[in-house]
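Down below is the structure, laid out as structure tokens.
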There are 2 protein chains.
Amino acid sequence: MSKTPIVEVINFGDELLVGIRENSHLVYLGEQLARYGLPIRRSRVITDEALEIRRAFLDAWNYSDVIITTGGLGPTADDKTRENIAAALGAELVFDPEIEAAIKARFSLLGYTMGKDHLRQCYRFANGEVLHNERGTAPGLVYAKDGKLLIMLPGPTQELTPMFEQLVLPKLQKIGALSAEEAYLQIRTCGSGESAVEQTMQPIVKANPELTVAYCVHYGIVDVRLSPRERSMPWEKLKAIGHEARELLGDDFVCFGHCSLAKVVVHELRALDRTLAVAESCTGGLLSNAFTNIAGATKFFVGGVVCYSNDVKVAQVGVPESILEQHGAVSPECAIAMASGIAERLSSDYGLSVTGYAGPDGGDDKNPVGTIHVGYHSPVGVWCKSFRYTGGRLDVKTRAVHAALDWMRRKLRQYKVEEFLCCGERD
Amino acid sequence: MSKTPIVEVINFGDELLVGIRENSHLVYLGEQLARYGLPIRRSRVITDEALEIRRAFLDAWNYSDVIITTGGLGPTADDKTRENIAAALGAELVFDPEIEAAIKARFSLLGYTMGKDHLRQCYRFANGEVLHNERGTAPGLVYAKDGKLLIMLPGPTQELTPMFEQLVLPKLQKIGALSAEEAYLQIRTCGSGESAVEQTMQPIVKANPELTVAYCVHYGIVDVRLSPRERSMPWEKLKAIGHEARELLGDDFVCFGHCSLAKVVVHELRALDRTLAVAESCTGGLLSNAFTNIAGATKFFVGGVVCYSNDVKVAQVGVPESILEQHGAVSPECAIAMASGIAERLSSDYGLSVTGYAGPDGGDDKNPVGTIHVGYHSPVGVWCKSFRYTGGRLDVKTRAVHAALDWMRRKLRQYKVEEFLCCGERD
């Protein structure tokens with residue numbers, strides 16, 4: 001394909017329209033296609049009804065070059081996508097004994113017999129290709145006409161994902177619709193708001209009009225995505241611009257790509273060969289969970305205590321009762337006692353703690369709802385930092401976890417210097 | 001409106017097409033509208049480009065009755081939705097001094113001066129209404145013509161949500177497009193797969209052809225949504241059918257509505273006036289987090305230990321070293337020791353524990369990756385139950401948490417009988 005084709009995605013599924021399920025296929029396909037330089041231009045969600053399918057599909061076929069559909073290929077009477085799209089196109093569907101053989105083989109492997117419902121899944125376009133489904137019965141279907149391309153994928157995620165990555169991506173690369181290399185660079189930042197990051201990025205944006213720059217904010221993390229407008233920009237050039245941006249962003253720079261803050265912290269701990277334990281009150285397990293989402297984190301993350309009640313803070317984390325009495329559980333003093341206490345109790349080098357009011361109840365004049373104190377215990381000292389957030393309980397919890405992880409990440413990088421300065425004091 | 005209007009949602013935003021962000025507005029609007037009997041019929045996501053907006057909008061305007069747009073109303077040059085939709089409709093936009101005054105007032109409250117960029121946000125349709133934005137600058141816009149209705153909402157969630165609930169829902173109810181009462185009944189189940197639940201529901205589906213029945217599966221939970229095809233069905237009738245379904249579903253029935261499994265467990269603990277502590281290995285904080293997501297759970301959930309390493313299992317949870325040596329950390333014996341140990345250490349009435357291999361590493365012939373052992377300690381005894389799941393690390397963690405919570409929920413309901421049977425033995 002000479003020009004950049006216009007890609008449209010059509011998702012079938014009533015559950016996407018009545019608030020039952022997120023359209024995760026669109027996120028996935030959008031990410032995959034953008035990564036190789038072919039952003040989705042438009043998308044729609046439609047119900048699996050004959051007239052609706054025909055009308056919407058024809059509108060898409062008239063105005064787009066590559067159409068990718070998801071869903072509606074199942075064996076039940078509800079699934080009418082295949083037949084109605086063929087009717088809209090005036091294309092013939094033919095029974096394919098090879099598909100039947102593949103479905104039969106799959107069923108026999110699972111110890112079942114193929115029912116006649118599944119015969120509907122054995123049809124393909126008369127001049128079309130079949131995409132083998134290694135995780136289910138419905139094969140994907142491909143149809144090309146007048147320079148346009150239709151790719152129909154099954155709805156279940158575990159079937160769609162391998163089919164797309166193993167069969168569709170190479171096909172699109174082969175016809176030149178996708179580039180073989182990654183087409184954008186993502187920079188993850190934390191610590192400044194979206195507008196401050198935009199401000200910092202201004203020199204890069206001005207100096208590189210051939211780039212589009214997009215921002216995405218999630219709970220204190222601001223991702224910056226740099227995409228060349230033309231596919232001709234070499235990857236090396238994009239990387240060089242990325243490194244310039246990194247310089248400008250300073251300590252706010254977290255990583256290139258999609259690494260979680262917890263992963264960055266674990267990466268630093270691995271380099272230092274040190275261990276961490278956490279004590280958390282209002283985040284209630286979410287901070288530990290961020291670490292245990294990382295496969296193999298067990299070598300650096302020894303565990304944690306969710307000390308929701310004061311009794312547990314005293315008995316399991318070793319917070320002195322006098323601190324709770326004098327300063328209360330939501331205080332910098334308690335955060336510090338929790339960080340040092342958990343490191344001692346769990347015999348780790350580092351301790352990280354969070355205490356605060358996630359809301360909607362709790363809080364007082366000095367520490368209103370949304371107040372978060374983070375404690376950090378390290379071999380070179382103990383610190384506390386306080387934050388204040390607005391939003392619902394779950395928002396405050398997530399932001400508190402990001403704040404704690406981001407602060408520890410900064411402290412660990414700072415520590416590399418300190419380690420040098422005070423190396424005589426330790427060991 | 002006499003017939004049920006066809007609703008179409010148009011979301012503006014390139015970030016929805018390139019995998020940066022989920023279309024959470026569609027989920028939200030779909031849920032809100034379906035709740036009051038007006039399911040969204042179709043939706044599309046389009047980029048904020050003049051020609052694209054005009055073409056797609058006109059297609060929508062021709063085939064739908066109520067069109068709701070989100071996004072594209074911001075003050076920057078990128079935001080061209082207002083002007084292009086007006087051009088597509090051939091409708092005039094007029095400057096509204098009242099909008100200007102509202103934006104100025106908002107800025108002055110925040111200590112800023114209104115910039116001239118924001119003047120673009122002061123326009124409304126010549127014969128249209130304005131929806132006040134209490135959380136941002138861009139007002140919502142309403143335009144009606146030839147029995148069709150256009151509602152334009154701002155993109156930021158914290159602006160869209162209150163505007164929709166406080167201004168748009170009542171407007172749609174007033175014109176009869178939405179019913180005043182909730183229009184569907186959701187039944188949450190856990191413990192059986194989707195096809196088994198469908199099988200169980202067959203007598204209800206057959207006896208009530210006036211209902212549509214939809215299923216949604218998430219990590220072991222199967223939600224069943226019963227919606228009357230006609231709005232004339234009284235709520236009392238729907239509730240009666242719901243109770244019939246509850247009988248058929250037996251112990252798999254969790255609740256009517258959207259209550260989390262953790263909330264159901266806390267509800268039972270509240271009724272018993274008892275407390276719970278948890279010890280978790282492979283779920284790494286996610287089980288504790290499920291409880292601490294509930295506001296006010298602190299009275300029944302005292303805390304937990306994330307005992308990721310064996311040292312922490314011994315030192316903080318009291319698991320005997322001999323059990324770890326003989327049976328290993330991933331064993332029913334260890335799960336039971338964790339459940340009893342955490343209840344004793346944290347002085348709670350109940351203890352719940354999870355140990356297993358979340359993957360991708362770990363596991364052996366006896367306990368392959370995906371094996372989960374759940375321990376349950378209660379005043380009347382200690383039990384273990386084992387599960388095995390496939391999927392990625394995060395999937396296995398989430399399913400393990402649901403399995404543990406569902407099992408505790410069942411045990412607690414069973415316990416009410418046991419409490420009666422063995423009341424002479426305790427106290």
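The values are calculated or read from the model by the stated rules, or taken from the named source; none is laboratory data. This is a predicted model, so every value here is computed, not measured. Quick reminder, even Gly has a Cβ in these numbers, built from the backbone with ideal geometry, and neighbours come from all protein chains shown.
Scanning the range A:6-15 for residues that are in contact with a Phe, Trp or Tyr (Cβ under 9 Å, 6 or more places away or on another chain) and within 8 Å of chain B (Cβ to nearest Cβ) yields a count of 1.
Scan the range B:283-305 residue by residue and report those that are farther than 18 Å from B:Y376 by Cβ, facing chain A (nearest Cβ under 7 Å) and either in contact with a helix residue (DSSP H, G or I) (Cβ under 8 Å, 6 or more places away or on another chain) or assigned to a helix (DSSP H, G or I) (or both).
Residues of the range B:283-305 farther than 18 Å from B:Y376 by Cβ: B:284-285, B:289, B:292-299.
Now narrow it down to the ones that are facing chain A (nearest Cβ under 7 Å): B:284-285, B:289, B:292-293, B:295-296, B:298.
Across the range B:283-305, the qualifying residues are B:G284, B:G285, B:N289, B:T292, B:N293, B:A295, B:T298.
Pairs meeting the criteria (first residue in the range B:268-287 and assigned by TED's automatic domain parsing to the domain that holds B:G375 and farther than 20 Å from A:S309 by Cβ, second residue buried (at least 24 other Cβ atoms within 10 Å of the Cβ) and hydroxyl-bearing (S, T, Y), beta carbons under 6 Å, at least 6 apart or on different chains) are B:S281/B:T355; B:G284/A:S288; B:G284/A:T292. Quick check on the range A:87-102. Is at least one of its residues within 12 Å of chain B (Cβ to nearest Cβ), without any contact (Cβ under 8 Å) to a residue 60 or more places away in the chain and either crowded, with 16+ Cβ neighbours inside 10 Å or among the acidic types (D, E) (or both)? No, there is no match, as no residue in the range A:87-102 is within 12 Å of chain B (Cβ to nearest Cβ), without any contact (Cβ under 8 Å) to a residue 60 or more places away in the chain and either crowded, with 16+ Cβ neighbours inside 10 Å or among the acidic types (D, E) (or both).
Hey, does the range B:37-46 have a residue that's more than 7 Å from chain A (Cβ to nearest Cβ), farther than 30 Å from A:S195 by Cα and of a type in the set (A, V, I, L, M, F, W, C)? Spell out how you get there, then give the answer.
Of all residues in the range B:37-46, those more than 7 Å from chain A (Cβ to nearest Cβ) come to B:37-38.
Now restrict to residues that are farther than 30 Å from A:S195 by Cα: B:37-38.
Applying the additional criterion that residues be of a type in the set (A, V, I, L, M, F, W, C) yields B:38.
Checked the range B:37-46: at least one residue is more than 7 Å from chain A (Cβ to nearest Cβ), farther than 30 Å from A:S195 by Cα and of a type in the set (A, V, I, L, M, F, W, C).
Scanning the range A:193-219 for residues that are of a type in the set (G, A, S) and either at pLDDT 90 or above or in contact with a Leu (Cβ under 6 Å, 6 or more places away or on another chain) (or both) yields a single hit, A:A207. Exactly one residue among A:V330, A:V314, A:V354 is within 13 Å of another protein chain (Cβ to nearest Cβ) and part of a helix (DSSP H, G or I), and that residue is A:V314.
Residues are listed down the side, and each one gets a yes or a no for (1) over 24 Å from the mean Cα position of the chain (by Cα); (2) over 24 Å from A:I6 (Cβ atoms); (3) outside the structural domain of A:V224 (by TED's automatic domain parsing):
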{"residue": "A:A138", "(1), (2), (3)": "yes, yes, yes"}
{"residue": "A:Y143", "(1), (2), (3)": "yes, no, yes"}
{"residue": "A:L160", "(1), (2), (3)": "no, no, yes"}
{"residue": "A:M163", "(1), (2), (3)": "no, no, yes"}
{"residue": "A:P170", "(1), (2), (3)": "no, no, yes"}
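Just for the range A:230-250: of the residues that are farther than 18 Å from A:P203 by Cα and charged (D, E, K, R), which one is surrounded by the fewest Cβ atoms within 10 Å (Cβ to Cβ)? Within the range A:230-250, the match that is surrounded by the fewest Cβ atoms within 10 Å (Cβ to Cβ) is A:E236.
The rows are residues; the columns are (1) within 22 Å of the chain's Cα centre (by Cα); (2) within 12 Å of chain A (Cβ to nearest Cβ); (3) β-branched (V, I, T).
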| residue | (1), (2), (3) |
| --- | --- |
| B:T4 | no, no, yes |
| B:L17 | no, yes, no |
| B:Y28 | yes, yes, no |
| B:A34 | yes, yes, no |
| B:L51 | no, yes, no |
| B:T69 | no, no, yes |
| B:T81 | no, no, yes |
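Among the candidates B:E198, B:E230, which residue alone is within 27 Å of B:L38 (Cβ to Cβ), assigned to a helix (DSSP H, G or I) and touching a residue at least 12 places away in the same chain (Cβ under 8 Å)? Break it down into steps so the answer makes sense when it comes.
Numbers: B:E230 fails: assigned to a helix (DSSP H, G or I).
Only one candidate qualifies: B:E198.
Whether any residue in the range B:342-350 is over 24 Å from A:C307 (Cβ atoms), among the aromatic types (F, W, Y), surrounded by 16 or more Cβ atoms within 10 Å (Cβ to Cβ) and touching a residue at least 24 places away in the same chain (Cβ under 8 Å) is what I want to check.
We begin by selecting, within the range B:342-350, every residue over 24 Å from A:C307 (Cβ atoms); these are none.
No, the range B:342-350 has no match at all.
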